[in-house]
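The structure appears below as structure tokens.
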Amino acid sequence: MGLLAFVADYVDGAAGQIMVALTSSGFAWSLAAFLAGRYAPTARRAAAVGASLLVLATAVYYLLILVVSRRWSGGYSSDIGWADLPGLRSVGVMTSLWMVGSLVAGPILGLLGHAVRASAARPAAAGLGVACGLLSAEGWHAFVRTPPWRLLTVDDPFFGGAVVADMVRVVLPLLVLAWVATELRLWRPWPTLLTATAAATAAGAALWEAVDLVRRSGGFGFV
């Protein structure tokens with residue numbers, strides 16, 4: 001996951017936007033933790049696997065940025081000068097932010113995955129709705145901040161790719177919901193499923209807004 005996210009940063013244009021959505025987004029990493037928890041034998045293992053997966057992926061991604069791409073540096077000298085300190089600070093802050101996020105979100109998503117498989121119908125539906133809302137929240141947040149019809153008026157394929165990428169972040173979680181709900185026959189408690197999805201989407205979108213505030217306030221370019 002960390003390696004794929006690193007590679008996606010170097011794909012240009014609309015294809016790059018879509019690849020980022022599939023490999024380096026809240027949807028992609030949250031889905032990985034959710035599925036890991038779903039197939040874990042116990043709730044404790046689900047929480048541990050979800051956290052470990054995201055922490056390791058985060059560490060790999062930022063280690064590659066620090067050592068391989070050196071995007072934080074103004075040049076490629078082996079010496080670290082004063083001009084490099086803001087870039088290093090950016091890497092450090094964003095690494096810390098996503099490590100904390102991994103330690104918080106990883107166990108939650110892992111437990112949700114386990115609960116969906118191991119619980120009765122109504123709790124499982126609630127867990128699936130919360131998971132779907134969290135997986136799609138980044139896409140909905142992007143739609144609210146910049147409506148897609150505005151981007152489509154710009155004569156640049158990059159912005160069209162951004163719209164497709166945001167749609168991927170919204171549509172694929174719904175497909176995951178439909179897949180799991182059908183497999184486990186969770187359609188009967190549909191009010192619980194829809195209510196949990198809506199509430200988690202709103203909460204998740206608010207969290208993504210908070211993350212964006214941190215990025216903008218500090219000028220951090222590493223996500």
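The values are calculated or read from the model by the stated rules, or taken from the named source; none is laboratory data. Computed from a prediction, not measured in an experiment: that's the story for all the values here. Neighbour counts are summed over all protein chains in view; Cβ atoms, including those assigned to glycine, are modelled from backbone coordinates with ideal geometry. Side chains are part of the model used for accessible areas, which takes the heavy atoms of the whole protein and leaves out ligands, DNA and RNA. Shrake-Rupley method; radii C 1.70, N 1.55, O 1.52, S 1.80 Å.
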The residue that is surrounded by the fewest Cβ atoms within 10 Å (Cβ to Cβ), considering only those in segment 16-48 that are polar (S, T, N, Q) and assigned to a helix (DSSP H, G or I), is Thr23
Note: among Trp72, Trp98, just one is at pLDDT 75 or above, under 24 Å from Met19 (Cβ atoms) and touching a Ser or Thr at 6+ places or on another chain (Cβ under 9 Å), namely Trp98
Per the filter on segment 96-126, residues polar (S, T, N, Q) and open to solvent by less than 30 Å² (accessible area, probe 1.4 Å) are Ser102
Taking the stated definitions as given, is Ala51 more than 16 Å from Ala118 (Cα to Cα), at pLDDT below 90, of a type in the set (Gly, Ala, Ser) and open to solvent by 10 Å² or more (accessible area, probe 1.4 Å)?
no
